[in-house]
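Here's the structure, in structure tokens; my notes come after.
The values are calculated or read from the model by the stated rules, or taken from the named source; none is laboratory data. Remember, it's a predicted structure, so these values are computed and weren't measured experimentally. No Cβ is skipped: glycine too gets one built from the backbone with ideal geometry, and neighbour counts run over all protein chains shown. Calculation scope for accessible area: heavy atoms of the full protein, side chains included, ligands and nucleic acids excluded. Shrake-Rupley method; radii C 1.70, N 1.55, O 1.52, S 1.80 Å.
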Amino acid sequence: DAGVTQSPTHLIKTRGQHVTLRCSPISGHKSVSWYQQVLGQGPQFIFQYYEKEERGRGNFPDRFSARQFPNYSSELNVNALLLGDSALYLCASSLDIDRVWETQYFGPGTRLLVL
Amino acid sequence: GESVGLHLPTLSVQEGDNSIINCAYSNSASDYFIWYKQESGKGPQFIIDIRSNMDKRQGQRVTVLLNKTVKHLSLQIAATQPGDSAVYFCADFNTGKLIFGQGTTLQVKP
């Protein structure tokens, strides 16, 4: 069975542009979470979606948005990119939203570089 | 504010020795504490968790200790192997969110 997949694997953008990152969860998983991991630091929670509804949001500006589709895949959108948005963006899927870590699996991430 | 952090950025151990990775946390209201392992080029992988009302929990070759008095968490890895080389993160779970610390890089010398 395939794990969590993310696309693209790498991406280079310039300041002011916008980017869309995609995530396909493990089959049967209904919750998707997004994290930002800056080099040398731990992942920071951005969003959690469950059954297509936003269930949690971290301390990120409104330039960050996301959505979940009927097939439970998800997109993370970032507008007006800043240099500081350069990071590894991780997607994680889980069966539900309670004690997510017990059934949560992370994808390999999308590495975004903003020039 | 809430924070979860580790004491040392890098830990180097000899293969076969035991490893101890430490973490300090600030939020007394956290319900669970979780340890993750992240290998190069991969996302974090769940290792073990401990509920806030427990002091110790053991898994396969790993033990997590929780000292609520000093808000300290540790991960002990027995008989460290080359495959244990990775970055280790502690995280706490509160109000539906996982909050990760900064990470300790474990280097295993042959």
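Condition first: of a type in the set (Asp, Glu) and either open to solvent by less than 20 Å² (accessible area, probe 1.4 Å) or over 24 Å from residue A:105 (Cβ atoms) (or both). Can you find one or more residues in region B:51-72 that meet it? Walk me through how you get there before you give the answer.
As a first pass, look at region B:51-72 and keep what is of a type in the set (Asp, Glu): B:55.
Then keep just the ones that are either open to solvent by less than 20 Å² (accessible area, probe 1.4 Å) or over 24 Å from residue A:105 (Cβ atoms) (or both); that gives B:55.
Yes; the residues of region B:51-72 include at least one that is of a type in the set (Asp, Glu) and either open to solvent by less than 20 Å² (accessible area, probe 1.4 Å) or over 24 Å from residue A:105 (Cβ atoms) (or both).
For the condition more than 10 Å from the chain's Cα centre (by Cα) and modelled with pLDDT of 95 or more, what is the one hit in A:21, A:76, A:90, A:82? Working first, answer last.
Working: A:21 fails: more than 10 Å from the chain's Cα centre (by Cα); A:76 fails: more than 10 Å from the chain's Cα centre (by Cα); A:90 fails: more than 10 Å from the chain's Cα centre (by Cα).
From the options A:21, A:76, A:90, A:82, the qualifying one is A:82.
Against the definition (open to solvent by less than 10 Å² (accessible area, probe 1.4 Å) and in contact (Cβ under 8 Å) with a residue 60 or more places away in the chain), how does residue A:81 come out, yes or no?
On the way: open to solvent by less than 10 Å² (accessible area, probe 1.4 Å): yes; in contact (Cβ under 8 Å) with a residue 60 or more places away in the chain: yes.
Spelling it out, residue A:81 is indeed open to solvent by less than 10 Å² (accessible area, probe 1.4 Å) and in contact (Cβ under 8 Å) with a residue 60 or more places away in the chain.
Residues that are farther than 20 Å from residue B:34 by Cβ and touching a residue at least 24 places away in the same chain (Cβ under 8 Å) occur at least once in region A:48-65. If you go through region A:1-43 and pick out every residue that is buried (at least 16 other Cβ atoms within 10 Å of the Cβ), of a type in the set (S, T, N, Q) and out of contact with any Ser or Thr (no Cβ under 8 Å at 6 or more places or on another chain), you end up with 2.
Scanning region B:77-96 for residues that are at the interface with another protein chain (Cβ under 9 Å from one of its Cβ atoms), modelled with pLDDT under 90 and closer than 16 Å to residue B:28 by Cβ gives B:93, B:95. Of all residues in region B:26-37, exactly one satisfies the criterion of being open to solvent by less than 20 Å² (accessible area, probe 1.4 Å) and either away from chain A (no Cβ under 11 Å) or over 14 Å from residue B:93 (Cβ atoms) (or both), namely B:30. If you go through region A:55-70 and keep only what is at pLDDT below 95 and open to solvent by 20 Å² or more (accessible area, probe 1.4 Å), you end up with A:55, A:57, A:59.
Taking each residue of region A:1-21 that is over 16 Å from residue A:115 (Cβ atoms) and looking for partners that are aliphatic (A, V, I, L, M) and in a strand (DSSP E or B) with beta-carbon atoms closer than 6 Å, six or more apart or interchain, yields A:21/A:76. Search region A:93-115 for residues being among the aliphatic types (A, V, I, L, M) and surrounded by 20 or more Cβ atoms within 10 Å (Cβ to Cβ), and hand back the single one that is nearest to residue B:46 (Cα to Cα). Step by step, filter region A:93-115, then rank; the result is A:100. Being part of a loop (DSSP other than H, G, I, E, B) and more than 10 Å from chain B (Cβ to nearest Cβ) is the filter here; which residues of region A:39-58 pass it? Scanning region A:39-58 gives A:39, A:51, A:52.
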